[in-house]
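Below is one structure; the comments refer to it alone.
The values are calculated or read from the model by the stated rules, or taken from the named source; none is laboratory data. Fair warning: this is a prediction, and the values are worked out from it, not measured in the lab. Note that we place each Cβ from the backbone using ideal geometry, even for glycine, and neighbour counts take in every protein chain shown. Keep in mind that these areas ignore ligands, DNA and RNA; they rest on the heavy atoms of the full protein, side chains included. Shrake-Rupley method; radii C 1.70, N 1.55, O 1.52, S 1.80 Å.
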Amino acid sequence: MSSLSMALRLTPYLARSNGSSFREAGLRDAGLPTLAFGTVTALLLTVAGGSQVFWSWSDDIAGTYQALAVVAMVLLIIPLLTLGASAARLAARRRDDRLASLRLLGANSATVVWMTVIESTVLAAVGAVAGAGLYACAAPFLGLIQFRGQAIGSHAWLSVPSILGCVLAVCVLAAASAALGLRKVVVTPLGVRTRQTADGAHWVRGLIAAVVVVIGVVAMGMLSSFGAFIVIIAVMGGCFGLALLALNLMGPWILRLRASSQLKHAKKPEQLLAARTVLESPKESWRQVGGVAMTSFVGVFVGVGMAVADTMGTGGDAETTLLVRDINTGVMITLLGSFLMVACSAGVNQAAAVLDRASTLVALDRVGMPQKLMVAARVKAVMSPLFLVAGISAAAAAALVLPLTGAVLLTQPVVFLTIGGVFAAGFLLVRLAVAAGTAQISQVLARPERYASMDS
């Protein structure tokens with residue numbers, strides 16, 4: 001029997017979690033990643049549908065709108081793809097132990113990979129179809145948004161092939177992320193089964209990220225020398241996208257450094273537990289706060305956009321007035337999309353983190369650790385590094401914008417007020433997500449028999 005045939009036969013059995021029905025395990029194994037995939041698809045389609053109107057224009061000012069559209073799309077799509085990859089890892093991560101056990105029982109690596117790819121792709125497809133339905137419900141309202149003095153109307157609707165292409169892209173992303181996430185299971189099943197593999201974060205990550213940001217700053221300072229407008233747009237979009245990817249690369253390393261320092265100076269049990277939690281998996285800890293980092297990055301551009309609009313508003317002619325109004329509309333839509341991404345990312349990751357550590361929480365409860373201490377450690381592990389990662393993200397965005405705007409525009413009060421508001425709203429969203437996640441601790445401890453055997 002081929003590996004694919006074996007995977008197709010075993011996958012339905014893998015859908016049962018520790019002997020419980022799929023319905024009982026729905027939130028734990030399927031609901032969270034499906035929700036994330038649905039949100040990613042809906043936002044991707046909404047961003048694409050709202051942006052395509054700019055590419056239907058061909059007059060003199062169309063290039064300005066198209067450049068702004070590229071910036072907005074990059075600022076939103078890169079974090080959304082990151083969230084999609086995180087959802088795919090979540091869909092596969094809950095299976096690591098059982099897949100590793102199959103490897104130890106004789107299943108070959110190809111069978112394990114196929115099983116995970118199939119299940120993650122099915123979850124992604126279900127979520128993507130639901131997200132497409134949500135987009136269809138939102139498109140009529142999206143069409144009411146006005147640019148250049150008129151509603152975008154039917155331009156908010158994507159063609160059927162475009163929608164199907166987006167759904168397919170989400171499924172491919174899920175399959176690729178799931179396969180890559182299972183490398184450690186395929187290579188070292190015993191290490192994964194006994195949880196002996198460590199999730200490190202090397203200093204090379206920080207070096208690469210710093211080099212990328214420096215190259216981006218230099219490229220942004222040379223925009224005027226590129227000549228062709230399409231090249232300028234491509235360079236701008238590339239710089240912003242690579243900077244966001246660099247932040248994702250550097251984030252786990254920064255958290256590991258901070259947690260190592262906190263571990264040495266911990267004076268309370270919750271501080272010690274919080275530092276240990278971050279050091280156990282810096283990458284997972286980064287996913288808990290990465291949404292705020294991305295939103296802080298976006299917040300700088302939103303603040304600068306509002307400052308530019310205020311400056312241009314003194315011009316007075318009708319075309320400038322419309323452009324100013326459209327810039328304000330665009331930056332607010334970008335900011336709203338960013339906050340939706342943060343809310344989804346924070347909620348999914350916080351709930352998943354508690355469920356992933358359910359067996360550890362049960363063990364700690366049995367040795368006498370108070371539930372209040374578990375909650376305090378969880379809150380501190382997430383909230384403590386938030387200001388650091390948000391500040392670094394905002395500084396990276398400011399460095400990229402500086403060659404274009406200059407220090408005078410970047411230091412306008414509206415920029416600082418916008419960034420401060422983004423910080424406050426982002427922190428509040430994460431704190432609410434942490435509260436929702438920690439509320440599940442009592443549910444886990446109320447039924448310890450469902451989780452106590454997960455690591456046995």
Where a residue in the range 284-303 is under 12 Å from I392 (Cα atoms) and its partner, wherever it lies, is open to solvent by 10 Å² or more (accessible area, probe 1.4 Å) and β-branched (V, I, T), with Cβ under 8 Å and at least six apart: G290/T82; A293/I392; M294/I78; M294/T82; S296/I419; V300/I419
Residue satisfying condition, being buried (at least 21 other Cβ atoms within 10 Å of the Cβ), in contact with a helix residue (DSSP H, G or I) (Cβ under 7 Å, 6 or more places away or on another chain) and closer than 23 Å to L417 by Cα, within set V278, V302: V302
Test for G305: is it modelled with pLDDT under 85 and either assigned to a helix (DSSP H, G or I) or over 30 Å from I61 (Cβ atoms) (or both): yes
L322 being surrounded by fewer than 18 Cβ atoms within 10 Å (Cβ to Cβ) and either touching a strand residue (DSSP E or B) at 6+ places or on another chain (Cβ under 7 Å) or in contact (Cβ under 8 Å) with a residue 12 or more places away in the chain (or both): yes
Count of the range 350-364 residues which are under 23 Å from the mean Cα position of the chain (by Cα) and over 23 Å from A36 (Cβ atoms): 0
Of all residues in the range 219-235 being open to solvent by 70 Å² or more (accessible area, probe 1.4 Å) and within 13 Å of G63 (Cα to Cα), the one that is modelled with the lowest pLDDT: F229
Complete set of residues in the range 183-208 that are modelled with pLDDT of 60 or more and either among the hydrophobic types (A, V, I, L, M, F, W, C) or buried (at least 16 other Cβ atoms within 10 Å of the Cβ) (or both): A201, W203, V204, R205, G206, L207, I208
Number of the exception - L445 against (1) open to solvent by 50 Å² or more (accessible area, probe 1.4 Å); (2) part of a helix (DSSP H, G or I); (3) of a type outside the set (K, R); (4) modelled with pLDDT under 85: (1)
Selected residue [modelled with pLDDT of 80 or more and in a helix (DSSP H, G or I)] from A85, A69, A110, A100: A69
Every pair of residues 6+ apart whose Cβ atoms lie under 7 Å, when the first sits in the range 398-423 and is open to solvent by less than 40 Å² (accessible area, probe 1.4 Å) while the second is of a type in the set (F, W, Y) and part of a helix (DSSP H, G or I): L400/F240; V401/F301
Only one of S261, S296 that is out of contact with any Lys or Arg (no Cβ under 9 Å at 6 or more places or on another chain), at pLDDT 85 or above and open to solvent by less than 40 Å² (accessible area, probe 1.4 Å): S296
Condition met for A377 (touching a helix residue (DSSP H, G or I) at 6+ places or on another chain (Cβ under 6 Å) and in contact (Cβ under 8 Å) with a residue 24 or more places away in the chain): yes
Complete set of residues in the range 238-275 that are in a helix (DSSP H, G or I), farther than 16 Å from M383 by Cβ and basic (K, R): R256, K264
Residue list for the range 358-374, filter: open to solvent by less than 40 Å² (accessible area, probe 1.4 Å) and touching a helix residue (DSSP H, G or I) at 6+ places or on another chain (Cβ under 8 Å): A358, L361, V362, L373, M374
